[in-house]
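Participant: Handing you a structure now.
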Amino acid sequence: MGLLIKIAFRNLLRHKGRSLVIGAILFAGALVMSLGNGIISGMEKGLEANIIHQWTGHLIIMSSRQTNDDALFSPKPMKVIRHYPQVETALRNDRNVRAFLPATKGLVMVLNIGARKRAAEHPVLSMLLGVDFQHYRKMFNNSVSLLEGSGLGPDEKGLLVNVYERKKIYESENTWLLPLGTGLNRSKMPPDALSEIDTLETASSLVLMGIGDDNSALDVFAHVKGIYEFKALNLLFKEINLIDLESFRECFDYVTRAESQTAVSKENSEILDATEESLMHYFSKTALIEGPGLETDLGTDALKKEVDTGGMITATAHDAYNLIFVKLHHGQILEATLHNLNNRFQSNGTDARAVSWRKAIGYISDISLLFRIALNIFVFFIFFVAVIIIINTLTLNTLERTPEIGTMRAIGAPKRFITRMLILETLFLACLFGSLGLISGSLLTLFLSGLDLAASNEMMSLAFGGDTFCPVMDLNGMTHVFIQLTVVTLMAVLYPVHLAKKVSPLDAVARD
Amino acid sequence: MRQIEITQVTKNYRLGKTTIQALKGVNFTVEEGEFLSVVGASGSGKTTLLNIIGCIDAASEGSVKIDGIEIKRLNDNELTDLRLRKIGFIFQTFNLIPVLNVFENIEFPLLLMNHLPKKAVVSRVNALIEQVGLTDFVRHKPAELSGGQRQRVAIARSLVTNPAIVLADEPTANLDTETGNSILALMKAINMREKSTFIFSTHDPEVLKYADRIVNIRDGRVVNPEPPVALCLDGRGY
Ligand SMILES: Nc1ncnc2c1ncn2[C@@H]1O[C@H](COP(=O)(O)OP(=O)(O)OP(=O)(O)O)[C@@H](O)[C@H]1O
Ligand SMILES: [Mg+2]
C-alpha cells in the first residue's frame, strides 16, 4: 500500500497540469454542490419552521370521516369532529402536546359586498378559518400582522381579510374593502385603486355563505374588522381569511336540534344589534343565489322567517370544530405522537384522526421538493460535464502510461495493483480538491447566511423559506455532497481503469 | 536439470486477412544456469520467442514448460505470479518506472511479493546496487541517469527477486559498444555468482563472446538446436 501511495502521489505531481484540471473540476463541483445543498436545506428548514410555528403546528386533527389529508388547502368541505370533548381530553393528557387550538375551516361564497348584491355568475370564493383570534395569536406566535383596522377582541365578531384577498376582491368586484371605522390608507393601495380614488367604491362588510357538504349553509353577515398578512410566507397562505368561531358556525349551520331551541346567546343578539341597514335590506329581499339545486336547501328562508318574526337565530354548537392545530414540544416526536393519538382515537372510537403538518398542507410541501428536484437536475448536469472531462483526462493519462503499466505487469504486478494505483490517484485528487470545495462551499454558505439577506419580494421569501436568506450547511448536507463526489469519482475512474486492466505485459515492449 | 522445454512452438500474428507465422515450430531446451544467446536476422522471431518464454505472450501452438509446468495451463494471476517469482526481465528500452528512484525501482518487485521483512529488502537492494555499481546514484530518478546506468538499474531490478530465469531482449541495442560490453560482463558475472539462467538476444557479434551457447534462429525456426560453442566463436554460421 505504501508503494501504491508513493507511485500514485508522485504521478500526480509529475503531471501537474492534468492533476490541476481534474482537481479544479472536482473543486468547483463540490463547491457548487455544497452551496446548492445549503440553499435547499435552508429553504426546507425555513419553510418547515415557519409553517410549523406560524401556521400549522406539528399535527392537524380532523374528523375521521374526512378522507383527504390535505385539508388545509383543499376546497373540499370539512366534516365536523363529532367527539371534540374526547379529542380535547386526549390532547390534554398527551405529554408530547404543548398546545392545541381548535378551529373551523371552510370555503364560503361572497354573496354581498357591503350593500351591493353580487351577480351570481362569477362567484367570489373565499377560504375562512374560524378561530378564537386571541388564542390564535398565542398559539402561532403572533404570526399575523394587522395592516389596517384591528384584530378581534375576546368574543368579538368579525372578519380579518388577508391583503391578497382584498386585492382579489378589488380586482374582480371593483370594491375596496375597508375595516370598519377606518379611512383609506393610500400607502397600502395598488396603483389602479389610487388612480380612481375619488370614485372608489368601498365596503366594510360581506355577506358570506358557507359551502358545506350537506347543502345546509346559511348566509352570514360579517364586518371587516381588519386587513392582515402573515408575517412570513404570506404568499403561501394568502387565501386564508380569519373569522370568529360564532360567525363561522352560523355560516356553516353548525347547530344541533337541542340548541336550536335554546334562547339566543348574547353574541347572537349583538350581531343583530350591530347590523347595518344593509343587513335588513339584504334579508328582506331574500337575496338568494340563483342557481340550479342551490336554492332549495340553503335554509335562508328559515333564517329569514326567524328574523322577520323577531325570533332569534339558533345558537351555535359550542364544541363544533372541524380542525385542531396541535403543537408538540419538538419535531422529533411527531411520528410517535401521531401514532399514539391515532391509536387512541381508533380504539376509543373517537371521530378524529391526526395527520402531520406536511400532509395537511398538501401541495405546498411539494414546493421544496420541486426546488430540490431542480437542484438535482442542475447537479446532475454538473456531474455529467465533470465526469466527461475527468474521464477524458484520465483516459489520456492511461493511454500515455501504457508502456509503464505494461512494464509493471511484465515484472509481476497483478491487475489489481494497476487498478488500485489509478483509483488511488483519482481518489487522492477527489479527497484533496473535493474536500477543499466542500469546505469552501460550506464557508460560503455560512458567510451568505451571516449576511442576513432579506427577501425583497414574496417569491424570494418562498425560495428562502422565510424572510431572510439562510442557507444551512449541516452534517447531513456535507454527507450528501461527499456521496455525490464519491459517485462522480467512481464513475469517472471506471472507464480509464477498465482500459488500464486491458494493458498487457506485452505493451512493455515498445512497438510503434 | 532441464529448466525450459520448448516443443513445436508456433506463433501466428494475424494482420488483417493475412497471417504472419513468426515462429514455425521451435524446439529447444535450456538447462539451469546457462548463459544463452538467441541470435538471428531482424524479423527472424527472437523477440517473439523471448516473450513466450517470459510468459508475457502466449504461443499459438506447441508446449512451453518452465520447471516442468505447462504455462498455457496457467491463468492470468498464476502467470503474473510466475513472472514475479521465477522470471526477470531486462528490456531493450530499459523500462524503468519514471517516478521511482534507483533504489525504489529495484525494490519494486520485492514490494509486490508482500510480507518480506523490510530489513531483508533493504539489504538485498543495496547489495544489488553495489553489484551494478550505482551506489552514488541511489536517489536518482531514471531521467537523471545515462542509458548504461539505466540498464544497470534494470539488471538489478530483474535480479532482485532472485529469479530462476533472466530474459534480456537486445539489452545492449540502445547502448554504445563499450557500455554494452560492460553490461554483458556484469550479467555474466552475476550469472556465475547467482546461478540464474540468462537468455539474451542480440544483433551485436561483439557481445556474443559472453554466451555459453548460441541458439540460431532463422525465419521462425531454430537452425542449430545444440551447436558447439566453438563453432560460433569461429564466426561460421554467422
Ligand atoms: N505484434 C505483431 N503483429 C504482427 N506481426 C508481428 C508482431 N510482432 C512480430 N511480428 C512479426 O513476427 C516476425 C518476428 O518478429 P520479431 O519481433 O520476433 O523479430 P526479431 O527477431 O525480434 O527482429 P528484430 O531483430 O528486428 O528485433 C516479424 O516478421 C514481425 O513482423
Ligand atoms: Mg526483436
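Participant: Based on alpha-carbon centroids, what's the gap between segment B:29-44 and segment B:76-94 in Å, whole number please?
Facilitator: The two parts, judged by their Cα centres, are 18 Å apart.
Participant: Amide H of residue B:23: which non-local residues (sequence gap of 5 or more, or other chain) have their own amide H closer than 5 Å, using H built in the peptide plane?
Facilitator: B:11
Participant: Step through the residues of segment B:78-88 one at a time and calculate ³J(HN,Hα) from phi using the Karplus curve (6.51 cos²θ - 1.76 cosθ + 1.60, θ = phi - 60°), rounding each to whole Hz and writing x for Gly and Pro.
Facilitator: 5, 5, 4, 5, 4, 4, 5, 8, 9, 10, x
Participant: Hey, can you list the residues from segment B:53-83 whose accessible area shrinks by 10 Å² or more with all protein chains present, relative to the chain by itself (probe 1.4 Å, no ligands or nucleic acids)?
Facilitator: The answer is B:56, B:57, B:76, B:77, B:80, B:83.
Participant: Place a point 7 Å from the Cα of residue A:447 along the Cα-to-Cβ direction; which residues of segment A:1-41 have their backbone N under 20 Å from it?
Facilitator: Residues passing the 20 Å test: A:24-41.
Participant: Per DSSP helix of 4 or more residues, -39500 (n - 2.57); summed, then divided by the residues of chain B. What does that give at 222 nm, rounded to the nearest 500?
Facilitator: About -10500 deg cm²/dmol.
Participant: Chains B and A: what accessible area do they bury, summed, in square angstrom to the nearest 100, with a 1.4 Å probe? Provide the component values of the computation, followed by the final result.
Facilitator: On the way: alone 11490 and 24260 Å², together 33620 Å².
Roughly 2100 Å².
Participant: Pull out the extension gain between residue A:460 and residue A:68, defined as 0.36 nm times the separation in residues minus the alpha carbon to alpha carbon distance; nm, one decimal.
Facilitator: Numbers: separation 392, 0.36 × 392 = 141.12 nm, distance 3.02 nm.
Length gained between residue A:460 and residue A:68: 138.1 nm.
Participant: As I understand it, the value is the acute angle between the Cα axis of helix B:102-112 and the longest principal axis of the Cα atoms of chain B; what does it come to in degrees, rounded to 10?
Facilitator: With both axes taken from Cα atoms, the answer is about 70 degrees.
Participant: Per residue of chain A, what 222 nm ellipticity follows from adding -39500 (n - 2.57) for every DSSP H run with n ≥ 4, rounded to the nearest 500?
Facilitator: Values: 19 runs with 249 residues, N = 512.
So the helix-based figure for chain A works out to -15500 deg cm²/dmol.
Participant: So with the 1.4 Å probe, I'd like the accessible area per residue for segment A:350-487, rounded to whole Å².
Facilitator: Here the residues of segment A:350-487 average 47 Å² of exposed surface.
Participant: A further question on this structure: With a 1.4 Å probe and all protein chains left in place, how much accessible area per residue does segment B:95-182 have, in Å²? Walk me through the numbers on the way to the answer.
Facilitator: On the way: 3480 Å² over 88 residues.
Computed with neighbouring chains in place, this is 40 Å² per residue.
Participant: To continue, here is another question. Only helices at least 30 Å long along their axis, Cα-based, and averaging 0.5 or more on Kyte-Doolittle count here, so list those DSSP H runs from chain A. Mind showing how you got there, number by number?
Facilitator: Details: long enough: A:16-51 (51 Å, 0.89); A:365-400 (52 Å, 1.84); A:475-501 (37 Å, 1.19).
For chain A, where a helix must reach 30 Å along its axis and average at least 0.5, the hits are A:16-51, A:365-400, A:475-501.
Participant: Here's a follow-up. Round to the nearest 0.05 the FRET efficiency obtained for residue A:343 and residue B:138 when R0 = 51 Å and r is the Cβ-Cβ distance.
Facilitator: On the way: r = 77 Å, r/R0 = 1.52.
The calculated FRET efficiency here is 0.10.
Participant: Restricting to the protein assembly as shown, what percent of DSSP beta bridges are antiparallel, rounded to 5?
Facilitator: On the way: 60 of 90 bridges.
That works out to approximately 65 percent antiparallel.
Participant: Using C-alpha positions alone, give me the convex hull volume of chain A per residue in cubic angstrom.
Facilitator: Spread over its residues, the Cα hull of chain A gives 212 Å³ apiece.
Participant: Is the shape of segment B:98-173 rounded, prolate or oblate, going by the alpha carbon gyration tensor and its root eigenvalues a ≥ b ≥ c, with a/c under 1.5 for rounded and a/b larger than b/c for prolate?
Facilitator: Oblate, since a/c reaches 1.5 and b/c is not below a/b.
Participant: With the contact rule set at Cα under 8 Å and sequence spacing of 6 or more, what percent relative contact order holds for chain B? Please report the intermediate quantities before stating the final value.
Facilitator: Numbers: 448 pairs, mean separation 67.4, N = 238.
Computed value for chain B: 28 percent relative contact order.
Participant: Normalised by the number of residues in segment A:412-512, what is the relative contact order in percent for Cα pairs under 8 Å and 6+ residues apart? Spell out each step's value before the answer.
Facilitator: Values: 55 pairs, mean separation 35.0, N = 101.
It rounds to 35 percent for segment A:412-512.
Participant: Could you tell me what percent of the accessible area of the protein assembly as shown is made up of carbon and sulfur, with a 1.4 Å probe and every protein chain present?
Facilitator: Working: 19130 of 33620 Å².
So the carbon and sulfur contribution to the accessible surface is 57 percent.
Participant: Please give the charge dipole size of segment B:51-104, origin at the Cα centre, charges +1 on K and R Cβ atoms and -1 on D and E Cβ atoms. Round to the nearest 20 debye.
Facilitator: Values: 6 positive and 8 negative charges, 23 e Å.
Roughly 100 debye for segment B:51-104.
Participant: Which of the residues in segment A:491-508 show a loss of at least 50 Å² in accessible area from their chain by itself to the complete set of protein chains, at a probe of 1.4 Å?
Facilitator: A:506
Participant: Which loop-located trypsin sites (Lys or Arg not before Pro) does segment A:94-151 contain, where loop means any DSSP state but H, G, I, E or B and the Cβ has at most 16 other Cβ atoms within 10 Å?
Facilitator: Hits after loop and neighbour filter: A:95.
Participant: How high is the relative contact order of chain A? Use alpha-carbon pairs under 8 Å, at least six apart in sequence, and give a whole percent. Spell out each step's value before the answer.
Facilitator: Numbers: 866 pairs, mean separation 148.7, N = 512.
Answer for chain A is 29 percent.
Participant: Let me confirm one metric for peptide B:95-104, namely the mean number of other chain beta-carbon atoms within 10 Å of its residues' beta-carbons. The partial results should precede the final answer.
Facilitator: Details: counts 10, 2, 10, 5, 11, 4, 1, 0, 0, 4.
Taking the mean over all residues of the peptide, I get 5.
Participant: Give the peptides B:15-24, B:86-95 in descending order of average Cβ contacts within 10 Å, highest first. Mind showing how you got there, number by number?
Facilitator: Working: B:15-24: 12.6, B:86-95: 23.0.
Output ranking for B:15-24, B:86-95: B:86-95, B:15-24.
The values are calculated or read from the model by the stated rules, or taken from the named source; none is laboratory data. Small disclaimer: the values here were computed from a predicted structure and weren't measured. Note that each Cβ is placed from the backbone with ideal geometry, even for glycine, and that neighbours are counted across all protein chains shown. The area values use the complete protein model at the heavy-atom level, side chains included, leaving out ligands, DNA and RNA. Shrake-Rupley method; radii C 1.70, N 1.55, O 1.52, S 1.80 Å.
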